[in-house]
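The values are calculated or read from the model by the stated rules, or taken from the named source; none is laboratory data. If you're wondering where the values come from, they're calculated on a predicted model, not measured in any experiment. As a convention, Cβ positions derive from the backbone with ideal geometry for all residues, glycine included, and neighbour counts pool all protein chains shown.
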Amino acid sequence: MSIIDWEYYSSHFPSTIPQKAFNAVEAQAEIEIGNVVPKYMWDGVSEDKQKDCVFKVCNKLYFNSIHAVGQGISSINNGGYVEQYDTKTHADLQAELEETIFDSIGTRLAGGW
């Protein structure tokens, strides 16, 4: 069972993720959270914090999938006009996801992670 569904997401948060993509993104968010937070710790987190965490991870996963993480473009020079892009690797994304998860649930264990 999903922690949040489309109706909850769209009524409580700005709708960043289209409805047709939401279930897949939400399932992936739960997997990512499960890879970072042990079940015994997750079970001790309040329902509101769990929902907030899933929401934030969903948005981060969806945003990064749209913006092609790790595509290797760092700058473009267009006749004197330079645009620079901050490229992210999958390791960068994983670190951001972990930080988002721990910040959302309010858990930081010194040296434990």
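A count restricted to segment 14-32 and to residues that are free of Cβ contacts under 8 Å to residues at least 12 places away in the same chain and either surrounded by 20 or more Cβ atoms within 10 Å (Cβ to Cβ) or polar (S, T, N, Q) (or both) stands at 1.
Got at least one residue in segment 8-26 being part of a helix (DSSP H, G or I), more than 23 Å from G106 (Cβ to Cβ), modelled with pLDDT of 90 or more and of a type in the set (D, E, K, R)? Looking through segment 8-26, at least one residue is part of a helix (DSSP H, G or I), more than 23 Å from G106 (Cβ to Cβ), modelled with pLDDT of 90 or more and of a type in the set (D, E, K, R). Can you tell which of D86, D48, D52 is at pLDDT below 90, acidic (D, E) and out of contact with any Pro (no Cβ under 7 Å at 6 or more places or on another chain)? Going through D86, D48, D52 in turn, the sole match is D86.
Listed by first and then second residue, the pairs with beta-carbon distance under 6 Å, at least 6 apart or on different chains, first residue in segment 1-13 and over 12 Å from E26 (Cα atoms) and of a type outside the set (A, V, I, L, M), second at pLDDT 90 or above and surrounded by 15 or more Cβ atoms within 10 Å (Cβ to Cβ), are F13/F55.
Take F63 and tell me if it is in contact (Cβ under 8 Å) with a residue 24 or more places away in the chain, aromatic (F, W, Y), touching a Phe, Trp or Tyr at 6+ places or on another chain (Cβ under 7 Å) and part of a helix (DSSP H, G or I).
In short, no.
Of V45, V57, all but one fail to be within 23 Å of F102 (Cβ to Cβ) and in a loop (DSSP other than H, G, I, E, B); the exception is V45.
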